[in-house]
Amino acid sequence: MCCPGLLRPMGLNILIDSGAPPEVMHEYWDREYEEIMSFEDALDSVGVTADQIDIVIQTHLHFDHWGNTPKCKKAKIIIQSSELFGCS
């Protein structure tokens, strides 16, 4: 299960992976899962909204790493080309 990270260099908000919403986790994760804090609440706890994310770096495209990325509508998304071409 993914635990996203937020970097804030030079006034940018850079998210490393984005995790996945509970409905995605419950559908695809076959283990017990409990959401501690929503994606939006986690960002809010550090004073950021999804619209303020400048860049999302996806380490890979497992469902639990990218499920919230579409919520970052203004962000540039960075992913390895080998990962991108390997997904279907």
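Of all residues in the range 1-44, those satisfying the criterion of being of a type outside the set (S, T, Y), within 12 Å of the chain's Cα centre (by Cα) and in a loop (DSSP other than H, G, I, E, B) are M1, C2, C3, P4, D17, G19, A20, P21.
Yes/no matrix, rows are residues, columns are (1) on the phi > 0 side of the Ramachandran plot; (2) modelled with pLDDT of 90 or more; (3) among the hydrophobic types (A, V, I, L, M, F, W, C); (4) assigned to a loop (DSSP other than H, G, I, E, B):
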site	(1), (2), (3), (4)
V46	no, yes, yes, yes
I57	no, yes, yes, no
L61	no, no, yes, yes
I77	no, yes, yes, no
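Among the residues of the range 56-75, just one is surrounded by fewer than 17 Cβ atoms within 10 Å (Cβ to Cβ), out of contact with any Asp or Glu (no Cβ under 7 Å at 6 or more places or on another chain) and under 22 Å from D44 (Cβ atoms), namely P70.
Please verify whether L43 is hydrophobic (A, V, I, L, M, F, W, C) and surrounded by fewer than 17 Cβ atoms within 10 Å (Cβ to Cβ), treating the condition exactly as stated.
For L43, the condition - hydrophobic (A, V, I, L, M, F, W, C) and surrounded by fewer than 17 Cβ atoms within 10 Å (Cβ to Cβ) - is not met.
The values are calculated or read from the model by the stated rules, or taken from the named source; none is laboratory data. The structure displayed is predicted, hence computed values, not measured ones. Here Cβ is always computed from backbone atoms with ideal geometry, including for glycine, and neighbour counts include all displayed protein chains.
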